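Remarks on the structure that follows.
No lab work stands behind these numbers, since they all come straight from the coordinates. The structure presented is a predicted model; accordingly, all values stated were derived computationally and were not measured. In this analysis, Cβ positions are derived from the backbone assuming ideal geometry, glycine residues included, and neighbour counts consider all displayed protein chains.
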């Protein structure tokens with residue numbers, strides 16, 4: 001599910017149009033494979049050298065990135081929503097699940113993932129896209145990749161998972 005992000009920038013200044021195009025130029029500068037260097041082309045028109053530039057003549061068109069929709073569609077979500085975060089080091093969108101609504105639980109517990117089919121720990125939470133933690137203390141930090149067919153987000157003592165409260169979950173949708 002690799003996504004390609006393209007960028008095009010158009011700047012018009014005093015009758016000169018500059019076009020810039022590239023994909024993740026910063027990554028290219030750092031030696032990340034698959035990146036391209038931005039290209040700049042000038043399309044000059046007859047413009048005097050000593051021209052006063054009115055800032056209202058400056059037109060900048062910035063890229064608008066569409067949210068990718070490539071995620072698992074075979075899951076039934078309960079208090080979870082799909083979201084994307086930039087992956088490290090490329091910045092490509094990475095699909096994650098996060099808790100949709102504040103569960104309103106008493107402080108003192110931890111959020112952790114539980115595989116209710118296997119009765120084992122169900123994975124780890126992502127901090128950014130490159131750091132994983134077995135549990136988090138804030139529901140807003142409870143974001144993770146979907147793995148397996150059925151996982152619950154539980155709140156309580158990770159050492160006593162059967163006593164913890166189920167806050168959110170996903171399971172594989174029944175085949176019709």
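Extension gain, residue 138 to residue 116: 0.36 nm times the residue separation minus the Cα-Cα distance gives 5.7 nm.
Here residue 162 and residue 78 are evaluated by their C-beta separation; at R0 = 22 Å the FRET efficiency comes out at 0.70. With a Förster radius of 30 Å applied to the C-beta separation of residue 87 and residue 172, the computed FRET efficiency comes to 0.75.
Once divided by 2.2 N^0.38 Å, the Cα radius of gyration of the stretch 75-172 becomes 1.02. Using R0 = 25 Å, the C-beta based FRET efficiency linking residue 102 and residue 150 works out to 0.60.
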